[in-house]
Amino acid sequence: MDALPSVPSVGSWRAGTALPAFDAEALAAALPRVREPVHIVYERASGRVGLGFGGEVSSAQNAGDHALLATLPATFPEWLGDRSFGEAHGVRFPYVAGEMANGIATTRMVIAMARAGMLGFYGAAGLGYEQVEAALTELIGALGDRSAEGDAPSWGVNLIHSPAEPELEERVADLLVARGVRRISASAFMAIQPSVVRCAAAGLHVDASGRIVRKHQVFAKISRAEVAAQFMAPPPAEMLRALVEAGRVTAAEAELAARLPVAEDVTVEGDSGGHTDNQTLVALFPIILALRDTLAAKHGYSRPIRVGAAGGLGTPGAVAAAFSLGAAYIVTGSVNQSAVEAGLADSAKAMLATAGIADVAMAAAADMFELGVKLQVLKRGTMFATRANALYDIYRSHESLESLPPDVRTKVETKLLGASIAQVWQETEAFWSRRDPGQLERAATDAKHRMALVFRWYLGKSSRWAIAGDPQRRADYQIWCGPAMGAFNDWVRGSFLEAPHERTVVQIALNLLEGAVVAARAQQLRSFGVAVPAAAASFRPRRFRL
């Protein structure tokens, strides 16, 4: 064949000691060599397109047996995403381990991520103030209190919106500011709140070059454009004014905050475990990216807002797809819950390790129960979703515990709560008397709120039963999980990562990133006409050393 492929040649290539790869087996062996430049060559005699390494490149069009169609440079996992992410946050990889609540994203996990050059957020949601305070002390002790400018630690803490406990939300925000936590991930916010604006504004100042410097970087996790728009805009003027009047931020900090977006890192969350809108990432992400560009132009920002991706990222192909959409970084969640460092019982991790892509369900959420908010959980091996949703249906249909018909009350106690209402209320009183006595004061005059607190007992305890590994309550385990978990299990089957005891959070991350680079290169090669074998692009997990 004399005709070249549709892609014009840029010169010629002559093989060195290694022959070019054309057949499926040779191409499969060549594809993982992403850390070497690769030449895409056309064999004039056979008309095949293949890959060559090394050799001699010439600008002459007809020198030797192979036309040179293109040369792809070496690439690395560190080069995925937006380089400014690593520069802004002092990390090596554009990878974040998300903040699984109730401390499931443990201090141990955050420390492991930081030491591997990645970012991890401590799962403060659902914990009491004292627990969060103790975790901060441990993190600062292990990683150092590097609050000085230019010395940014690669760790952070979650600030979750808590409409049922607004005082706790404010106290945690104050704690994060007081302890100099440089990275704060704001999640479950349906609108901008003073707590998150305080975190974004506190410590703002101008350096010697006139650049505005942030002391606290807010990451906003969103799944709706209207919420993203609020985080990508400067804080509302009236909210800043109220914070100044309350002495929460200074007038100078408020003036600088009005010139910046609330968050310069916005994570688009697709179909995920826990709180989720079950959005399709590939549909939602371009909308948020376009919104970012519109708002950046409107407000005249001098530095970029980075947009990251989360939800459904359980395989290298999914990670590569997220980066190809334009993600500056990625955030993983469900897959880390099965990791060695996760604060979940081994029995619960074993359940996660056998989950399939369809083994998930939506269930009533403890923290926003009265609002009807749901979260995504593991369905296989547990009755939690069914029981939690039944409790919410009963809550909607009745005004008080006293108004429950006898048969419904029996169902609640024997089949749903697994305990008498009297016993549950006794534990509930003890819990809220320590955490927020105002809840009990309201329950004393609001019978429906009292019912909500009783039902929320089950929703809150079910997560802690999974954390503790209570064998008597295995059927009630609440384990946050999205479809990514099943996809991950399918991918690692037959590899060392199939075993739960091998799943360290760092090995999970490094394999997903390496595999994403291989998947990205496979797509590049296909675009030049290389017949990449389908199996070759499916990266098999292997042990990495940093």
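A short reminder: the numbers here are calculations on the coordinates, not readings from a lab. Predicted model, so just to flag it, every value in this text is computed and none were measured. Reconstructed Cβ throughout: ideal geometry from the backbone, glycine too, with neighbour counts over all protein chains shown.
Spherically averaged projected area of the convex hull of Cα atoms, the stretch 5-124: 10.9 nm². If only the Cβ of Lys and Arg carry +1 and only the Cβ of Asp and Glu carry -1, the dipole of the chain around its Cα centre is close to 700 debye.
If each DSSP helix of 4+ residues adds -39,500 (n - 2.57) and the sum is divided by the residues in the chain, what number results at 222 nm, nearest 500 deg cm²/dmol?
Values: 20 runs with 223 residues, N = 546.
Using -39500 (n - 2.57) per qualifying helix, the result is -12500 deg cm²/dmol.
Counting every alpha-carbon pair across the stretch 496-546, the share separated by more than 16 Å comes to 46%. Label separation (Lys448 vs Ser209): 5.6 nm, computed from points 7 Å beyond Cα along the C-beta direction.
For the stretch 127-262, the Kirkwood estimate of the hydrodynamic radius, built from every pair of different alpha carbons, is 15.3 Å. What residues of the stretch 333-369 lie in the reach of a label at Gln472, counting those whose backbone N is under 20 Å from a point 7 Å from the Cα along Cα→Cβ? The answer is 345-348.
Treating each Cα of the stretch 376-453 as an identical point scatterer and summing with the Debye formula, the log10 of I(q)/I(0) at q = 0.11 Å⁻¹ comes to -0.32.
Could you tell me the calculated FRET efficiency between Arg224 and Ala422, based on Cβ-Cβ distance and R0 = 51 angstrom, to the nearest 0.05? Intermediate results must be reported in sequence, preceding the final value.
Working: r = 41 Å, r/R0 = 0.81.
That pair, Arg224 with Ala422, gives E of 0.80.
Cα centroids of the stretch 477-544 and the stretch 392-441: 44 Å apart. Over all pairs of different C-alpha atoms in the stretch 286-355, the reciprocal of the mean inverse distance, the Kirkwood hydrodynamic radius, equals 14.4 Å.
Working from the pairwise distances between different alpha carbons, so that the mean of 1/r is found and then inverted, what is the stretch 422-506's Kirkwood radius in Å? Walk me through the numbers on the way to the answer.
Working: mean 1/r = 0.0633 Å⁻¹.
It works out to 15.8 Å.
Were the residues from Asn62 through Arg435 laid out at 0.36 nm apart, the gain over their Cα-Cα distance would be 126.4 nm. Figure legend: label point modelled 7 angstrom from the Cα of Ser527 along Cα→Cβ; residues of the stretch 60-75 with amide N under 19 Å from it are 68-75.
For Glu238 and Arg543, a Förster radius of 60 Å and the Cβ-Cβ distance give a FRET efficiency of 0.65, rounded to the nearest 0.05. How far apart, in nm, are the 7 Å Cα→Cβ label points at Leu72 and Ala258? Simple spin-label model gives 5.1 nm for this pair. Against the chain, whose longest principal axis comes from its Cα atoms, helix 483-492 is set at around 40 degrees. Could you tell me the calculated FRET efficiency between Gln131 and Ser397, based on Cβ-Cβ distance and R0 = 41 angstrom, to the nearest 0.05? Computed FRET efficiency for Gln131 and Ser397 comes out at 0.70.
Cα centroids of the stretch 72-125 and the stretch 25-63: 35 Å apart. Shape analysis of the chain yields a ratio of the Cα radius of gyration to the Kirkwood radius, Rg/Rh, of 1.04.
If you wrap the Cα atoms of the stretch 160-216 in a convex hull and average its projected area over all directions, you get 4.1 nm².
Let me know the number of lysine pairs in the chain closer than 23 Å at the Cα, not counting same-chain pairs under 8 apart. Lysine pairs meeting the criterion: 17.
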